[in-house]
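Remarks on the structure that follows.
The values are calculated or read from the model by the stated rules, or taken from the named source; none is laboratory data. Just so we're clear, the structure is a prediction, and the values are computed from it rather than from any experiment. Using ideal geometry, Cβ is built from the backbone for each residue, glycine included, and neighbour counts are taken over all protein chains shown. Ligands, DNA and RNA are excluded from the accessible area calculation, which covers all protein heavy atoms including side chains. Shrake-Rupley method; radii C 1.70, N 1.55, O 1.52, S 1.80 Å.
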Amino acid sequence: MLVSPDAPAPFIRLQGVSKVYRGRGQDFLAVSDATFDVAPGSLVSLVGPSGCGKSTLLKILAGLHGHDDGQVTIGSPQHPFDPGRDVGMVFQAPLLLKWRRILENVLLPAEILGLPMAAARERARALLAMVGLAGFEDKYPYELSGGMQQRASIARALVHDPKLLLMDEPFGALDALTRDRMNIELLRIWQESGKTIIFVTHGVQEAVLLGTQVVVLTAGPARMADHFNVDLPHPRRLALRNDPKFGEYTQRIYHLLGLD
Amino acid sequence: MKTDKGGEARRFGLAVLMHLLLVAAWHFFVVLGEVPSFVMPTPVDTVKALFAGDYRWGENLLTTAGEIFGGYALAVVIGIGSALIFSWSRLTEEVVMPLLVSLNMIPKVALGPLIIVWFSYGFLPNTVIAFSIAYFPIVLTTARGLREVEPELIDLVRSIRGSRWQIFTKIQFPGALPYIFSGMKVAAVLAVAGAIVGEFLGSERGLGYLMLQVQVTLDTAAMFMAVILITMIGVVLYGLVLALERAMVVRDARVS
Ligand SMILES: Nc1ncnc2c1ncn2[C@@H]1O[C@H](COP(=O)(O)OP(=O)(O)O)[C@@H](O)[C@H]1O
Ligand SMILES: [Mg+2]
């Protein structure tokens, strides 16, 4: 990425980041030389095949485990970042607590952080409305469909108002139609909330449809293959997938993954 | 939800009806088959046994119930307690768990004579036998439940620096409750059997002891009554556990 003097400071800067899992006698390089900047408020798609280190990179960003080489910087003077409370996470499975009602599920991070509960409750209700679950506050998870549960888990990830939302293949388990709908919903939620989002996927179309920038990772050996901005207008719709420019971006990724 | 309630009432009514039918079938089997009363008494004769002879039903009932509830309560407390220790200390689990799995294979009633040697006979050894038989399902299922935590859920909590204690109280323990209750339900049935075996082996009080006494005099009606009372203690215990489960575990999370 070109660095110009008047460009805003990046929110996230990764420089030559690598991660080795140390096993019995055998070390495994899961991420190597990941280098890219993320502007505040962008939505970055991390795309690549299974095992290319997407989840590992996300865990490094979440501060869940260290890395071996390189530097990870999150936050800037204009956008301070508190690693203890500014991360929200969404996974492939909704991971809602079966014994809690939806509202109580959404409140979990607020409880853990010890936030004032009355305000958190208000916020949780507003977030549930934003993800389209108004009226479901008092339901149990089993009363909701998979897509609705995933919406609730997005609300949960936002309840403590984190600056960074990390999503690990959040729509990977949904059927194609629900996934399409959730893509559009996520774009709306991203625009309404102004969060910086790192979105992990192995869907090439999904990566381009959602991302303001795309990072392509490849496996065997782990490598960051490409990093580019997606210059497509917002708000985006599903029909954008028929746009020739969209096709060029997906083609670029398919090529890097050796799928053309 | 409404239809659910209706279905429940229907099932309950059906259950009551079936029990009444069983008693009726019992009655007519004895009367029409002209079965001698020392082989099988009628339901009415069985109830009459409560008022005949000097069997001290109340005292014997309380003794047996005390052994069962006492042994069971011990098993719940110590069973859940030891599973918690296992989940907090990996080393303890690795060292002790293989032993527990082997000890679980011992038919606990076979330990009865030994326990009586160690604890003399009476209330205490019978409680210990009930405990020893009820302990294993509780500790094993609780340990299993505490192990079943989604690693990604732990990641989620740790990403906002949640403590181990928070993970335990908010995720791990409530998640283990359905497992704990499934162990407790199995254990409730076993505790009853354990206490009665203890009374058979050696005691001077309790419904099991009473059964051995009236066996000698061929008072079959009293034996029937004793079995019914023992069963009722078990039903009450099981019912209490079920009620507690209903209060504490959301329906969908229950392990049947
Ligand atoms: N805790 C771990 N220990 C050892 N190897 C791991 C561990 N986690 C992941 N790996 C390995 O690192 C590689 C990258 O994993 P991951 O980041 O989960 O990939 P992705 O999310 O892209 O599928 C995989 O080959 C995986 O087997
Ligand atoms: Mg992954």
For this session: Test B:Phe119 against the stated conditions and say whether it is under 21 Å from B:Asn60 (Cα atoms), free of Cβ contacts under 8 Å to residues at least 60 places away in the same chain and aromatic (Phe, Trp, Tyr).
Result: yes
Problem set entry | Qualifying positions in the stretch B:134-154 - within 13 Å of chain A (Cβ to nearest Cβ), open to solvent by less than 20 Å² (accessible area, probe 1.4 Å) and in contact with a Leu (Cβ under 7 Å, 6 or more places away or on another chain) | B:Leu153
Problem set entry | All helices (runs of 4 or more DSSP H) inside the stretch B:1-89 with 2 or more residues being in contact with a strand residue (DSSP E or B) (Cβ under 6 Å, 6 or more places away or on another chain) and not assigned by TED's automatic domain parsing to the domain that holds B:Gly202 | none
Seminar exercise, completed: Out of (1) over 30 Å from B:Pro174 (Cβ atoms); (2) surrounded by 18 or more Cβ atoms within 10 Å (Cβ to Cβ); (3) within 14 Å of the chain's Cα centre (by Cα), the one B:Met211 does not meet is (3)
Problem set entry | Filter result (modelled with pLDDT under 90 and of a type outside the set (A, V, I, L, M, F, W, C)) within the stretch A:23-49 | A:Gly23, A:Arg24, A:Gly25, A:Gln26, A:Asp27, A:Ser32, A:Asp33
For this session: Hey, can you tell me all the residues within the stretch B:35-72 that are polar (S, T, N, Q) and at pLDDT 90 or above?
Result: B:Thr42, B:Thr46, B:Asn60, B:Thr63, B:Thr64
Seminar exercise, completed: Those residues of the stretch A:106-117 that are crowded, with 17+ Cβ neighbours inside 10 Å and more than 11 Å from every other protein chain (Cβ to nearest Cβ) come to a total of 1
Exercise. If you check B:Arg161 against the conditions, is it without any contact (Cβ under 8 Å) to a residue 12 or more places away in the chain and in the same structural domain as B:Pro107 (by TED's automatic domain parsing)?
Worked result: yes
Problem set entry | The listed residue being closer than 25 Å to B:Ile230 by Cα and either free of Cβ contacts under 8 Å to residues at least 60 places away in the same chain or assigned to a helix (DSSP H, G or I) (or both), out of B:Leu99, B:Leu146, B:Leu124 | B:Leu124
Exercise. Considering only the stretch B:183-202, how many residues are under 27 Å from B:Glu148 (Cα atoms) and out of contact with any Asp or Glu (no Cβ under 9 Å at 6 or more places or on another chain)?
Worked result: 6
Exercise. Can you list the helices (runs of 4 or more DSSP H) found entirely within the stretch A:121-221 that contain at least 3 residues being open to solvent by 10 Å² or more (accessible area, probe 1.4 Å), more than 16 Å from ligand 1 (Cβ to nearest atom) and out of contact with any Gly (no Cβ under 6 Å at 6 or more places or on another chain)?
Worked result: A:146-158, A:176-193
